[in-house]
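Just below is one structure, and these are the notes that go with it.
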Amino acid sequence: MALFFKGGEQLYQEALDAIGRKDYDAALKKFQDAKEKGYDPDGLCMVYVSIIYVGKNRNNVRGYHHLLENLHHTNAGTIKFGLTSFETSDLATECELAIMEIEASNMSKDDYVNKGNRLIEVAGQYMSRIGEKNLKLDEIFKGNTIATGNREALILQAEAYSILGKGYVRTDPKMAAEYMQMAYNFRKQLGDSGDEEMQLSQNFARSATCWICGRPANGQGIHFMAMRADIEPVFQKMTDNDVVKPISDDSRSVYVCMPCYTAISNRSDEVSRVYYERALADMRAMEARLQAEISSLRFSMSMNRR
Ligand SMILES: [Zn+2]
C-alpha cells in the first residue's frame, strides 16, 4: 500500500496531473487526501475542489458560492487548471456573474418585466466586467474560448427581450413587436437565424379588424385568429377600402378577434359534447338490445339440445 507513504505534496501534484487527464473524480480524492495530510498551498486544494464541483453542475448557485468563498481565502494570483491559466480574481468575477445570471434565469416568466430587466442588467455587467476576455469556466469545461463576456451579454439580451416581448404581447402587442425585433437583432449578432423572433415580431405587429364584431385587434395568434371561410368576390370587394383588413391577403380566411373566436369555439365544443353524449347513449342502448338478443338465442339453443 504505497499510498500510505505518500506525502501531501506528492498527492497534490498527482491531483493536478489527474486534472490534466480530466480524471476529476481522482483529482477530488487526491486534493482531499493532500489537505488531510496538511498540504494545502495557499488554500488551493479547496479552490480546485470547488472548481470541479462547479463543472459537475453549471446551474447550481451553491457551487459558485462555495468557489467564491474559497477564492476569497487564497492569495494565489495566477493559477492553472489543466491547460487553462487564469487570475483568481477573474474567476471570482465569473462566479459573481454566474450567480446573478442563474438567479435571474430562475425568476418566473410571469414576472417578465422584472426578469427581462434583471437579465439586461446582468448582461451589462458581463460587458463591463469581462468584455472581450473569454470565460475561463467555459474554457476549462467546454474546451473552447468562444464564450466571452460580450458574447454572454448578447445571449442574455436576446433572451431578455424575447421574455419582454412574449410578456408584453398580452397588454401591448405593438411594444411586444418592438421587443421581439430587438431580440431578433441580438440573435443575428450571435450568428443565429433569429427566425422565431422575427416571425413573432411580425405576428405581434400584425393588425386586423374582426369580421364578426368589427373591433380592431393587434397580434396575430394572440389577440386575433384567421378562420377558414368561403369569401366570394362580392364580399372581398367590400373590404377594398379598409385600411385594416378583416380578411387574409389570399381571401381564404376571415380574421376574428379572440373574444369572438373563443365564444364560437367554446359554444361549438358544447354542441359537439351534446351530440357526442347522445351518440354514446344510443350506442349503449343498441349494445344492450344486442346482448339481450344474444342471451335469448343462447337460451333457445340450449333448450333445443336437450
Ligand atoms: Zn370580434
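The values are calculated or read from the model by the stated rules, or taken from the named source; none is laboratory data. What you see is a predicted model; the values in this text were computed from it and never measured. Reconstructed Cβ throughout: ideal geometry from the backbone, glycine too, with neighbour counts over all protein chains shown.
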Inset, instruction - List the helices (runs of 4 or more DSSP H) that sit entirely inside region 33-112 and contain at least 2 residues that are in contact (Cβ under 8 Å) with a residue 12 or more places away in the chain and under 18 Å from residue 22 (Cβ atoms). - result: 44-56
Inset, instruction - Select, from 62, 58, 21, the only residue that is surrounded by fewer than 21 Cβ atoms within 10 Å (Cβ to Cβ), over 20 Å from residue 139 (Cα atoms), basic (Lys, Arg) and under 37 Å from the mean Cα position of the chain (by Cα). - result: 62
Inset, instruction - Please work out which residue is surrounded by the fewest Cβ atoms within 10 Å (Cβ to Cβ), limiting yourself to region 195-234 and to residues that are more than 11 Å from the ligand (Cβ to nearest atom), among the polar types (S, T, N, Q) and assigned to a strand (DSSP E or B). - result: 207
Legend entry - Breaking point among (1) within 16 Å of the ligand (Cβ to nearest atom); (2) free of Cβ contacts under 8 Å to residues at least 12 places away in the same chain, for residue 269: (1)
Legend entry - Exclusive hit being at pLDDT 95 or above, in a helix (DSSP H, G or I) and more than 23 Å from residue 222 (Cα to Cα), set 181, 125: 125
